[in-house]
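**Student:** I have a structure I would like to understand better, so I am pasting it below and will then ask my questions one at a time.
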Amino acid sequence: LLLVSDPVPPTLSSLDRPLPRLPGARAESRAIGSLIPRPRVTALEDVAAGEGAVRAAAAGKSVLHFATHAVVRDDDPFSSFLAVGKTGADDGLLTAREIYGLRLDADLVVLSACRSGSGRVIGDGIATFARAFIYAGAPSIVASLWDVADEPTNQLLPQFYRAWLGGASKARALRAAQLRLLSELRAGKVRIETPAGLVSLPEHPVFWAGFALIGEPE
């Protein structure tokens, strides 16, 4: 398992909004990593999650988990990117074009990132990261369909892994994790810190239904 979480955001053009840090992504990745024997986990976060290190570590991994920003370029889909750290000559942008060129052994790629599964429908379908990773060799992708909230996501995805590693299919594991989060939202158990204090999140689908499984369901 390769866990990439909260890299130092790369510098974008002056026309783009700066990318904020994602402290919830670190908590999410550490919770997932705790479910698997330590020798089988490669965790890259902060300055260690540079583009070169991510590319090198991805080789031979069964699961790739990205807890970072995704930026979808509807006007130039191949330039859509996952934000990883800048190292050396690398720009820190793992673009869809570059993902198409990877050769992966992964059984599953999880994109815990804003808009990672969305994009504009064109003649060839959805030009997104999911399609790029499938082309690179991954049979199954779990990806977000819209901007996902940092806090509920770091509860949803560890529960997905717990169910999947416990023997459920990928599809059933994702469904079980979403239903469990929905139940906790309804019970007022999901609370986040705000300037006004702790606030309970509502059961709105934006908080629990933002991820979809694309590809092989088993």
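The values are calculated or read from the model by the stated rules, or taken from the named source; none is laboratory data. Being a predicted model, the structure only gives us computed values, none of them experimental. Every residue, glycine as well, gets a Cβ built from its backbone with ideal geometry; the counts of neighbours run over all protein chains shown. Ligands, DNA and RNA are excluded from the accessible area calculation, which covers all protein heavy atoms including side chains. Shrake-Rupley method; radii C 1.70, N 1.55, O 1.52, S 1.80 Å.
**Student:** So, in the range 154-181, exactly how many residues are touching a residue at least 24 places away in the same chain (Cβ under 8 Å), surrounded by fewer than 17 Cβ atoms within 10 Å (Cβ to Cβ) and in a helix (DSSP H, G or I)?
**Tutor:** Going through the range 154-181 one residue at a time, the tally reaches 2.
**Student:** Evaluate the following for Ala67: is it touching a Lys or Arg at 6+ places or on another chain (Cβ under 9 Å), under 24 Å from Leu104 (Cβ atoms) and in contact (Cβ under 8 Å) with a residue 60 or more places away in the chain? Reasoning before the result, please.
**Tutor:** On the way: touching a Lys or Arg at 6+ places or on another chain (Cβ under 9 Å): yes; under 24 Å from Leu104 (Cβ atoms): yes; in contact (Cβ under 8 Å) with a residue 60 or more places away in the chain: yes.
Criteria met by Ala67.
**Student:** Could you check, for the range 195-206, whether at least one of its residues is crowded, with 18+ Cβ neighbours inside 10 Å and either closer than 24 Å to Gly33 by Cβ or among the aromatic types (Phe, Trp, Tyr) (or both)?
**Tutor:** Taking the range 195-206 as the starting set, the residues that turn out to be crowded, with 18+ Cβ neighbours inside 10 Å are 201.
Keeping just the survivors that are either closer than 24 Å to Gly33 by Cβ or among the aromatic types (Phe, Trp, Tyr) (or both) gives none.
The answer is no, given that none of the residues of the range 195-206 is crowded, with 18+ Cβ neighbours inside 10 Å and either closer than 24 Å to Gly33 by Cβ or among the aromatic types (Phe, Trp, Tyr) (or both).
**Student:** Would you call Glu151 of a type in the set (D, E, K, R), open to solvent by 50 Å² or more (accessible area, probe 1.4 Å), touching a strand residue (DSSP E or B) at 6+ places or on another chain (Cβ under 7 Å) and over 24 Å from Ile134 (Cβ atoms)? I'd like the intermediate steps shown before the answer.
**Tutor:** Working: of a type in the set (D, E, K, R): yes; open to solvent by 50 Å² or more (accessible area, probe 1.4 Å): yes; touching a strand residue (DSSP E or B) at 6+ places or on another chain (Cβ under 7 Å): yes; over 24 Å from Ile134 (Cβ atoms): yes.
Against the criterion (of a type in the set (D, E, K, R), open to solvent by 50 Å² or more (accessible area, probe 1.4 Å), touching a strand residue (DSSP E or B) at 6+ places or on another chain (Cβ under 7 Å) and over 24 Å from Ile134 (Cβ atoms)), Glu151 qualifies.
**Student:** For the range 159-218, what are the residues that are in contact with a Ser or Thr (Cβ under 7 Å, 6 or more places away or on another chain), farther than 15 Å from Val110 by Cβ and small (Gly, Ala, Ser)?
**Tutor:** Of everything in the range 159-218, just one residue is in contact with a Ser or Thr (Cβ under 7 Å, 6 or more places away or on another chain), farther than 15 Å from Val110 by Cβ and small (Gly, Ala, Ser), namely Gly188.
**Student:** Sort out which residues of the range 85-114 are open to solvent by 10 Å² or more (accessible area, probe 1.4 Å), in contact with a strand residue (DSSP E or B) (Cβ under 8 Å, 6 or more places away or on another chain) and either β-branched (Val, Ile, Thr) or not in a loop (DSSP other than H, G, I, E, B) (or both), and write them in order of number.
**Tutor:** Scanning the range 85-114 gives Thr87, Leu93, Thr95.
**Student:** Something else about it: For the subset of the range 53-98 comprising residues that are among the acidic types (Asp, Glu) and under 18 Å from Ala113 (Cα atoms), which member is modelled with the highest pLDDT? Steps first, answer last, please.
**Tutor:** Step one: of the range 53-98, the residues among the acidic types (Asp, Glu) are 74-76, 90-91, 98.
Adding the requirement that they be under 18 Å from Ala113 (Cα atoms) leaves 74, 98.
On the way: Asp74: 77, Glu98: 94.
My answer is Glu98.
**Student:** Any chance the range 3-15 includes a residue that's among the aliphatic types (A, V, I, L, M), farther than 21 Å from Thr128 by Cα and touching a residue at least 24 places away in the same chain (Cβ under 8 Å)? Show your work before the answer.
**Tutor:** Here is the first cut: in the range 3-15, the residues among the aliphatic types (A, V, I, L, M) are 3-4, 8, 12, 15.
Next, only the ones that are farther than 21 Å from Thr128 by Cα stay: 8, 15.
Now restrict to residues that are touching a residue at least 24 places away in the same chain (Cβ under 8 Å): 8.
Looking through the range 3-15, at least one residue is among the aliphatic types (A, V, I, L, M), farther than 21 Å from Thr128 by Cα and touching a residue at least 24 places away in the same chain (Cβ under 8 Å).
**Student:** Restricting attention to the range 27-54, which residues are free of Cβ contacts under 8 Å to residues at least 40 places away in the same chain and surrounded by 15 or more Cβ atoms within 10 Å (Cβ to Cβ)?
**Tutor:** Passing the criteria: Ser29, Arg30, Gly33, Ala48, Gly52, Ala53.
**Student:** Next question. When residues of the range 55-84 are filtered for being surrounded by fewer than 19 Cβ atoms within 10 Å (Cβ to Cβ), of a type in the set (A, V, I, L, M) and out of contact with any strand residue (DSSP E or B) (no Cβ under 7 Å at 6 or more places or on another chain), how many remain?
**Tutor:** Residues that pass the stated criteria total 2.
**Student:** If you scan the range 126-146, which residues turn out to be part of a helix (DSSP H, G or I) and either open to solvent by less than 10 Å² (accessible area, probe 1.4 Å) or over 18 Å from Ala58 (Cβ atoms) (or both)? Can you show your working first?
**Tutor:** Pass one, the range 126-146, residues part of a helix (DSSP H, G or I): 129-136.
Answer for the range 126-146, where residues must be part of a helix (DSSP H, G or I) and either open to solvent by less than 10 Å² (accessible area, probe 1.4 Å) or over 18 Å from Ala58 (Cβ atoms) (or both): Phe129, Ala130, Ala132, Phe133, Ala136.
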